[in-house]
1. Hey, what angle do you get for helix 79-95 against the long axis of the chain, alpha-carbon based, 0 to 90 degrees rounded to 10?
2. Compare VAL89, VAL138, VAL50 in a GNM of the chain, Cα atoms joined below 10 Å, and give the one with the largest fluctuation.
3. So what's the angle, to the nearest 10 degrees on a 0 to 90 scale, between helix 56-68 and the longest Cα principal axis of the chain?
4. For ALA133 and ALA33 in one chain, what is 0.36 nm times their gap in residues minus the Cα-Cα distance, to one decimal in nm?
5. Name the most mobile residue of PRO170, PRO46, PRO159, meaning the one with the largest mean-square fluctuation, in a Gaussian network model of the chain with Cα contacts below 10 Å.
6. Using a 4.7 Å cut-off between beta carbons, which cysteines in the chain end up with no partner cysteine at all?
7. Can you work out the Karplus-derived ³J(HN,Hα) for every residue in region 105-119? Use 6.51 cos²θ - 1.76 cosθ + 1.60 with θ = phi - 60°, whole Hz, and x for glycine or proline.
8. From Cα pairs below 8 angstrom and at least 6 apart in sequence, can you work out the relative contact order of the chain, rounded to a whole percent?
Amino acid sequence: MFFAHAQERDLDILDTTNALRTSPASYINKLQAMLPRFSGNLYDGPYGRVLTKEGRSAVEEAIAYLSTKTAVTELTWNRYLEYACEDHVLAQGPAGQIGHISPDGATTQDRLGKYGTACEASAENLYYGTTTAGEDIVLSMLIGDGDSTRKQRENLFSPDSKVMGAHTGPHRDLTLETCINFAGKFEL
């Protein structure tokens with residue numbers, strides 16, 4: 001693994017993702033502890049009050065999901081996936097843009113293709129918000145408030161993914177953006 005460029009927060013995201021993948025049930029208590037902090041759709045969390053779209057139902061759904069999951073293999077860090085994430089965050093953040101398409105029209109595959117080829121499987125997760133803790137960012141992706149597809153949750157647990165990279169940086173309108181890229185293998 002090569003971590004010279006990676007930020008501590010992004011390595012925390014890797015560690016949390018691996019802990020979640022290898023011991024899904026161990027995160028049930030963390031999610032259950034969130035439930036009493038809801039009043040309707042308002043969540044009184046450690047970083048202040050947040051208006052959610054679904055309230056506690058998204059957290060309850062994530063708890064039910066975790067109770068059915070079995071462990072999957074840990075991911076290893078890939079600096080080229082990290083670089084593709086960094087490109088996206090550096091392009092979107094100052095522009096205040098959100099989504100998987102960069103301001104220049106580049107897709108996830110375009111950004112990955114700049115550094116090599118994602119083989120076997122690839123996916124991208126995005127987080128926008130105020131939390132700076134890697135665990136909270138991953139839990140937000142797991143819960144998937146407002147995302148009816150829960151695709152980010154599935155990406156976190158994909159058995160096809162073997163490597164990941166991540167980058168977190170400032171976002172003009174939403175404080176922070178985190179981009180995570182996953183792949184089965186990445187070739188230069």
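1. Between helix and principal axis, roughly 70 degrees.
2. Ranking VAL89, VAL138, VAL50 by mean-square fluctuation puts VAL50 first.
3. Rounded to the nearest ten degrees, it is 70.
4. Taking 0.36 nm per residue and subtracting the Cα distance, the gain is 34.3 nm.
5. Per the Cα network of the chain with a 10 Å cutoff, PRO46 tops the list.
6. Unpaired cysteines in the chain: CYS119.
7. Karplus-based 3J(HN,Hα) across region 105-119 equals x, 5, 8, 4, 5, 4, 5, 5, x, 5, 10, x, 10, 7, 10 Hz.
8. That works out to 30 percent.
The values are calculated or read from the model by the stated rules, or taken from the named source; none is laboratory data. Keep in mind it's a predicted model, so treat the numbers as computed, not measured. All Cβ positions, glycine included, derive from the backbone under ideal geometry; neighbour counts span all protein chains shown. Areas reflect the complete protein model, heavy atoms only, side chains present, ligands, DNA and RNA absent. Shrake-Rupley method; radii C 1.70, N 1.55, O 1.52, S 1.80 Å.
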